[in-house]
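Here's the structure we're looking at; comments come further down.
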Amino acid sequence: MDRESLIIAYFEGTLDESEQLEFEKLLSEDPGFAEEVASRNRLKQAIRQEERAKIKRKLLAFEQEQKRPKPTIRKRFSIAAAFLLMGIVTIWWYNQEQANNKLYGKYYETFPNMVQPLVRGENGLDERTQAFRAYDEGSYREAADFLSESTDAEGLFYAALSEMELGEYDEAAAIFDSLDISGSDLEPFMLWYKALNLLQLDRKEEAIRTLTELEKDADFNLRDKVITLRRKLQD
Amino acid sequence: MTQEQLIINRIKEHDDEALRQVYNTHKQGFIDFSVRFGLGHDDVLDVYQDTVVAFCENARKGHLDELQSMISTYIFAVGKYKIYARLKKNRREIPLQELPKELSGHGIEEDEQDERIPLLRQAFLALGDKCREVLTLFYYEQKKLDEIQKLMGYENKDVLKSQKSRCLRQLKESLSKK
């Protein structure tokens, strides 16, 4: 048997007795042969390490999937906002002469609940979850009453949205003025709805200022369209 | 064929969904089981992952084709020895445990440390797809050349042998340049 076949049979575990003796003899007497076998054993280890690392990367990915059950609020809303704003802006191009409150009507669409996705059939809901469920179901009075007691910007934002849904624009404006917008994942969208609410109240200059602030957010995926809207308001 | 063997066969075919199923099914039970050994959560999770890696590796090598027990039993048996090894590594006093004979050769022992191996691993990764596949099937999955010939559709064993030799030569050349 040639040397290469001996090495193959060794790794396959198919050496018979006489081949085993031949293999061992070469291993002890021929340093070149011994080094060849050693280097193949190292290769075996290197491949094993690589394969184990590959499997482990998959397991770590499964672990990450469990830790991250849903995309970030901002990402999910960016997608929703893309559809929302594209529709709105398209309509808007055809309605350039509309009065501010009519523009509001064309722009405004109910903002989806991005904070507290609900699992249907859940029992023993806390107040906040109940409030978001009310918002989802269009019970804006109930949602506004609960959420106006919130201490966080996101809860207050949805309270303001509920007031807008109810046509209580002054209430909504007061809530927008009280909430600390900066730093929230929903910051650009808070500014967007704040501007729309100001537009509805005919507070055009403030709406323009709010849109200008929103333009500073270079990451906002529809920033160009916000700029166009602001310019149209300034015409 | 039992449900357990169906899963093992899917793992052998590199079915990630089956791997995910095994990983998720036994995870909580393994964590609950490991608490009594006093390992921290990160260590337990790491040991669990290494255990599933060992399960997957042995399935691919064909060591589990005749598995008589449930997959969970196998995972807990292997996992227990991995916990002992981790406790030893963390220098904790532990009762001496012998690895049962039926688990020897199941890749439970840790990797050897040889400084040449990381370079070899890099060179291996730089090879073409065919070479990596042939070498992985032969050295990792421990398949015989006859099986690899059928699996990869080589005309005959000699063609495969010369392909394998070419791959090894490429590996040596790329190592000598480093």
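Given the condition modelled with pLDDT under 95 and either more than 22 Å from B:Arg121 (Cβ to Cβ) or touching a Gly at 6+ places or on another chain (Cβ under 6 Å) (or both), answer yes or no: does some residue in region A:45-58 qualify?
No: zero hits.
Is there a residue in region A:39-53 that is within 12 Å of another protein chain (Cβ to nearest Cβ), charged (D, E, K, R) and over 46 Å from the mean Cα position of the chain (by Cα)?
So far as region A:39-53 goes, yes, one or more of its residues are within 12 Å of another protein chain (Cβ to nearest Cβ), charged (D, E, K, R) and over 46 Å from the mean Cα position of the chain (by Cα).
Suppose the filter is in contact with a helix residue (DSSP H, G or I) (Cβ under 9 Å, 6 or more places away or on another chain), of a type outside the set (A, V, I, L, M, F, W, C), closer than 15 Å to A:Tyr104 by Cα and free of Cβ contacts under 8 Å to residues at least 24 places away in the same chain; does A:Arg223 pass it?
In short, no.
Identify the single condition in (1) at pLDDT below 85; (2) assigned to a helix (DSSP H, G or I); (3) over 17 Å from the mean Cα position of the chain (by Cα) that B:Arg92 does not satisfy, given that it satisfies every other one.
(2)
Report the residue count in region A:1-23 for those that are at positive phi and of a type in the set (S, T, N, Q).
Selection size over region A:1-23: 0.
Test each condition in (1) touching a residue at least 24 places away in the same chain (Cβ under 8 Å); (2) under 28 Å from A:Glu12 (Cα atoms) for B:Asp16 and report the one that comes out false.
It fails just one condition, (1).
Is there any pair with a first residue in region A:162-189 that is under 16 Å from A:Arg209 (Cα atoms) and a second that is of a type in the set (Ser, Thr, Tyr) and surrounded by 20 or more Cβ atoms within 10 Å (Cβ to Cβ) whose Cβ atoms are under 8 Å apart and which are 6 or more apart or on different chains, and what are they?
A:Phe176/A:Tyr193
Output the residues belonging to region A:186-220 that are modelled with pLDDT under 85, outside any helix (DSSP H, G or I), out of contact with any Leu (no Cβ under 9 Å at 6 or more places or on another chain) and more than 16 Å from A:Thr151 (Cα to Cα).
A:Lys216, A:Ala218, A:Asp219 - these are the residues of region A:186-220 that are modelled with pLDDT under 85, outside any helix (DSSP H, G or I), out of contact with any Leu (no Cβ under 9 Å at 6 or more places or on another chain) and more than 16 Å from A:Thr151 (Cα to Cα).
Would you be able to tell me the number of residues in region A:5-30 that are surrounded by 11 or more Cβ atoms within 10 Å (Cβ to Cβ), of a type outside the set (Phe, Trp, Tyr) and in a helix (DSSP H, G or I)?
Selection size over region A:5-30: 14.
Those residues that are of a type outside the set (D, E, K, R) and crowded, with 16+ Cβ neighbours inside 10 Å, I need them from region B:139-157; list them, please.
B:Tyr139, B:Tyr140, B:Gln142, B:Leu145, B:Ile148, B:Gln149, B:Tyr154
Exactly one of these conditions fails for A:Gln116: (1) modelled with pLDDT of 70 or more; (2) within 13 Å of A:Tyr158 (Cα to Cα). Give me its number.
Only one criterion is unmet by A:Gln116, namely (1).
Restricting attention to region B:1-43, which residues are within 15 Å of B:Ile83 (Cβ to Cβ), more than 14 Å from chain A (Cβ to nearest Cβ) and part of a helix (DSSP H, G or I)?
Within region B:1-43, B:Gly29, B:Asp32, B:Phe33, B:Ser34, B:Val35, B:Arg36, B:Phe37, B:Asp43 meet the criteria.
Tell me which of these A:Ile73 doesn't satisfy, since it passes every other one: (1) modelled with pLDDT of 90 or more; (2) more than 9 Å from every other protein chain (Cβ to nearest Cβ).
(1)
Answer yes if at least one residue in region A:126-134 is touching a helix residue (DSSP H, G or I) at 6+ places or on another chain (Cβ under 6 Å), modelled with pLDDT under 85 and surrounded by 18 or more Cβ atoms within 10 Å (Cβ to Cβ), and no otherwise.
yes
Please enumerate the residues belonging to region B:124-135 that are facing chain A (nearest Cβ under 8 Å) and buried (at least 19 other Cβ atoms within 10 Å of the Cβ).
Scanning region B:124-135 gives B:Phe124, B:Leu135.
The values are calculated or read from the model by the stated rules, or taken from the named source; none is laboratory data. Note that this is a predicted model, so its numbers are computed, not measured. Reconstructed Cβ throughout: ideal geometry from the backbone, glycine too, with neighbour counts over all protein chains shown.
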